[in-house]
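Take a look at the structure below.
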Amino acid sequence: MIIYPAIDLYEGKAVRLKRGNYNQMTVYSDDPVSVASGFKQAGATALHIVDLEGARDGKPCNFDVIKKITAESGLFVQVGGGIRTAETVELYLNAGVKRTILGTAAVSTSGFLKEAVNRFGDAIAVSADIKDGFIAVKGWTEVSGSDALDFCDTVDKLGVKTLICTDISKDGMLSGTNMELYEALRLKLNAGLIASGGVTSLHEIKTLSKMGMDGAILGKALYTGDIDLAEAVKICK
């Protein structure tokens, strides 16, 4: 299982939200490039970056920072937030990003996901952000009418190779992750699964790894020191 330390960007800063609420934001660093460097020194091989403004506004807003992080860290970088056109996918891939994550676009734009998978293959992942059993969109500010499990099944059948699943109610709360959700998805889907939201202990990381999850995204627990990244990476090797 691969550990993905998370860097959420807002106005070029590394921040964290509580339950996806933009009004409950904590700034952890004015220098996200150095944050990425620290993660690499701790043994990380990959990064999960979210452009929070992009997710809200539907276009890249922190591209220059993401490009710099990608170039200077040398890590496998996956990026989400505001990726709603093929041109934006290409923009990131040309900047060295290895995987782009579709969220709102995958839900709301008919045919775009299928087109993107056919064109970009493994470089396309889908983020299933779940709130009360339904898919949330537009930076988690709206809940769609798409049933979460049905949506994940549809995505899987389209040939998406990586699905990132977040229980929004757990995100940024340090209250533990939704193991039942991941167990259900692991049994149902063929796509690679990355757990996100509320992972707060090394025990949970061990459990997710034994469950057969392909990755786990670590956010607030890293910034607060609840999880030691070097230990997490060691567990997964």
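Please treat every number below as a calculation from the coordinates, not as lab data. Here the structure is a predicted model, which is why all the values come from computation and not from measurement. Neighbour counts run over all protein chains shown; Cβ positions are idealised from the backbone, glycine included.
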Item to check | Candidates Ala195, Ala125, Ala42, ranked by Gaussian network fluctuation over the chain, Cα under 10 Å, top entry | outcome: Ala42
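Around Ile49, under 12 Å between beta carbons, what's the net of Lys plus Arg minus Asp minus Glu among the other residues? Spell out each step's value before the answer.
Details: positive: Lys67, Lys68, Lys98, Arg99; negative: Asp8, Asp51.
Spelling it out: positives minus negatives among the neighbours equals +2.
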Checklist entry - According to the square roots a ≥ b ≥ c of the eigenvalues of the Cα gyration tensor, what is the shape class of the chain, taking rounded for a/c under 1.5, prolate for a/b larger than b/c otherwise, and oblate for the remainder? => result rounded
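What does the highest-first list of 224-237, 67-80 look like by mean Cβ count within 10 Å?
Working: 224-237: 15.3, 67-80: 20.1.
By packing density, highest mean first, the sequence is 67-80, 224-237.
Evaluate the relative contact order of the chain (contact order divided by residue number), counting alpha-carbon pairs under 8 angstrom at least 6 apart; express in whole percent. Mind dumping the intermediate values first?
On the way: 515 pairs, mean separation 46.8, N = 237.
With pairs under 8 Å counted, the relative contact order is 20 percent.
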Checklist outcome for this item: Ranked on Cβ counts within 10 Å of their own Cβ, fewest leading, Arg186, Arg16 go Arg186, Arg16
Checklist outcome for this item: Of the listed pairs Lys114/Lys161; Lys157/Lys188; Lys13/Lys220; Lys40/Lys210, those with alpha carbons more than 19 Å apart are Lys40/Lys210
Checklist entry - Which of Met211, Met1 comes first, and how do the rest follow, when ranked by fewest Cβ neighbours within 10 Å? => result Met211, Met1
Checklist entry - Taking neighbour counts of Cβ atoms within 10 Å as a proxy for exposure, in what order, fewest first, do Glu183, Glu204 appear? => result Glu183, Glu204
